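Taking it in order: structure first as structure tokens, then the write-up.
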Amino acid sequence: MKKYDVIIVGSGPAGMTAAIYAIRANMKTLILDKLAPGGQMINTNEIENYTGSGVINGAELSMQMFEHTQQLGVEFDYKTILKVEDKGATKVIHCEEDNAVFEAAAVILATGTVPRSLEVPGEESFTGNGISWCAICDGAQFRGKDVVVIGGGNSAVEESIYLAGIVNQLTIVTMFDLTADPKACDKLRNMDNVTIYPYQDVLEFTGEEKLTGVRFKSTKEDGTERHVNCDGVFEYIGLKPTSKPFADLGILDKFGCIIVDDEMRTSVNGIFGAGDITNKKLRQIVTACSDGAIAANTAAKYVESLKD
């Protein structure tokens, strides 16, 4: 069984920043993640609010961060986490692949979030076959076609701006109005091939063998129903924490987010949280990096205290 000073679960910006700070604190450090490094950054076409980077592609920024961890000697392993056990001064991480088990004095949980789904008729049938949650991954296949984006937050608006540049007609359907950064909202509203329907409930995705449209209804008093024909749909209706493997630790709030203090400590000694999975208000790359740095610093002090 391999033993480490700190194991970081998750390789988004919080996890990778934590790893950089941890190894610079002379801790033997391992990152575990079942997916490629980057987290939600990988699915973002353009990032323009990460200090010092200007406008940068999300996958490119992810690779820059990962290469930074590798230059410093951080170990990385592709593993699916099943459970984290608290055994006092030792934490045990159980993985799906090869029933692998790792031990560490401290664990930083930075598994982030995954997109929410609507759970309406037709969604399951067309998932991966017309419905996607990643414009940068799947947008190119809808070049010159008609597309619907569901959602009005930052992710929805930013990815809509990207899609509007390659598709024929883009329709935005959102439960409220656009709630993203005002500058981005103005840019989207001024694009000629974009139509926005605010205050709508999606009722179903239509089609038989292939997706052909979206049916939705106004939440206003008139309750007008509409059907928009389309070739593809991208959903951006929020995120849910990927915290199931940590449910038995007693560190989650009612929404499944990890409860941490201002030093990223949970209620379990030696277990820390960082990034979007924590109970925070602002979920951005820069705040995730900040969380990772704080968590690693606190974890290093904790590991040192075990040696006293």
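The values are calculated or read from the model by the stated rules, or taken from the named source; none is laboratory data. This is a predicted model, so every value here is computed, not measured. A quick note on method: Cβ atoms are made from the backbone with ideal geometry, for glycine too, and the neighbour counts reach across all protein chains shown.
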Point to revise | Verdict on ILE108 being of a type in the set (A, V, I, L, M), crowded, with 18+ Cβ neighbours inside 10 Å, in contact with a helix residue (DSSP H, G or I) (Cβ under 8 Å, 6 or more places away or on another chain) and within 23 Å of LYS34 (Cβ to Cβ) | key: yes
Review point. If only one of ILE237, ILE277 is modelled with pLDDT of 95 or more, of a type outside the set (S, T, N, Q) and either in contact with a strand residue (DSSP E or B) (Cβ under 8 Å, 6 or more places away or on another chain) or assigned by TED's automatic domain parsing to the domain that holds MET41 (or both), which one is it?
Key: ILE277
Point to revise | Check on GLU124, modelled with pLDDT of 90 or more, surrounded by fewer than 13 Cβ atoms within 10 Å (Cβ to Cβ) and part of a helix (DSSP H, G or I) | key: yes
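Consider ALA59 carefully, then state whether it is at pLDDT below 95, part of a loop (DSSP other than H, G, I, E, B) and aliphatic (A, V, I, L, M).
Working: at pLDDT below 95: yes; part of a loop (DSSP other than H, G, I, E, B): no; aliphatic (A, V, I, L, M): yes.
Taking the combined requirement at face value, the residue does not satisfy it.
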Review point. Looking at the range 240-253, is at least one residue without any contact (Cβ under 8 Å) to a residue 12 or more places away in the chain, more than 21 Å from SER117 (Cα to Cα) and either within 21 Å of the chain's Cα centre (by Cα) or not assigned by TED's automatic domain parsing to the domain that holds MET16 (or both)?
Key: yes
**Study point:** Subset of the range 136-195 [in contact with a Ser or Thr (Cβ under 9 Å, 6 or more places away or on another chain), of a type in the set (Ser, Thr, Tyr) and not in a helix (DSSP H, G or I)]
**Key:** THR171, THR195
**Study point:** Among residues of the range 270-284, those that are in a loop (DSSP other than H, G, I, E, B) and touching a residue at least 40 places away in the same chain (Cβ under 8 Å), counted
**Key:** 4
Check your understanding: Would you say ILE7 is crowded, with 23+ Cβ neighbours inside 10 Å, outside the structural domain of GLY165 (by TED's automatic domain parsing) and not basic (Lys, Arg)?
Key -> yes
Check your understanding: Does THR219 count as surrounded by fewer than 17 Cβ atoms within 10 Å (Cβ to Cβ) and in contact (Cβ under 8 Å) with a residue 24 or more places away in the chain?
Key -> yes
Practice item. Considering only the range 254-266, state which residues are surrounded by 13 or more Cβ atoms within 10 Å (Cβ to Cβ) and not acidic (Asp, Glu). Key: GLY256, CYS257, ILE258, ILE259, VAL260, MET264, ARG265, THR266
Exercise for review: Specify the residue that is modelled with the lowest pLDDT; the eligible residues are those in the range 280-308 that are basic (Lys, Arg) and more than 22 Å from GLN40 (Cα to Cα).
Suggested key: LYS307
Point to revise | Cβ pairs under 9 Å, 6+ apart, first in the range 92-115 and in a helix (DSSP H, G or I), second of a type in the set (Phe, Trp, Tyr) and modelled with pLDDT of 95 or more | key: GLU97/TYR78
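If a residue must be of a type in the set (Gly, Ala, Ser), closer than 30 Å to ARG143 by Cα and not in a loop (DSSP other than H, G, I, E, B), how many such residues does the range 232-268 contain?
The qualifying residues number 1.
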Exercise for review: May I ask you to list the residues in the range 219-231 that are within 18 Å of ALA156 (Cβ to Cβ) and either in a loop (DSSP other than H, G, I, E, B) or within 22 Å of the chain's Cα centre (by Cα) (or both)?
Suggested key: THR219, CYS230
**Study point:** Residue match in the range 69-83 (condition: outside any loop (DSSP other than H, G, I, E, B), within 18 Å of ALA293 (Cβ to Cβ) and in contact (Cβ under 8 Å) with a residue 12 or more places away in the chain)
**Key:** yes
Check your understanding: Can you tell which of ILE251, ILE285, ILE294 is surrounded by 19 or more Cβ atoms within 10 Å (Cβ to Cβ), β-branched (Val, Ile, Thr), within 14 Å of ALA14 (Cα to Cα) and out of contact with any helix residue (DSSP H, G or I) (no Cβ under 8 Å at 6 or more places or on another chain)?
Key -> ILE294
Review point. With respect to the numbered conditions (1) over 29 Å from ARG283 (Cα atoms); (2) among the charged types (D, E, K, R); (3) surrounded by 18 or more Cβ atoms within 10 Å (Cβ to Cβ), which one is the sole condition not fulfilled by GLU159?
Key: (1)
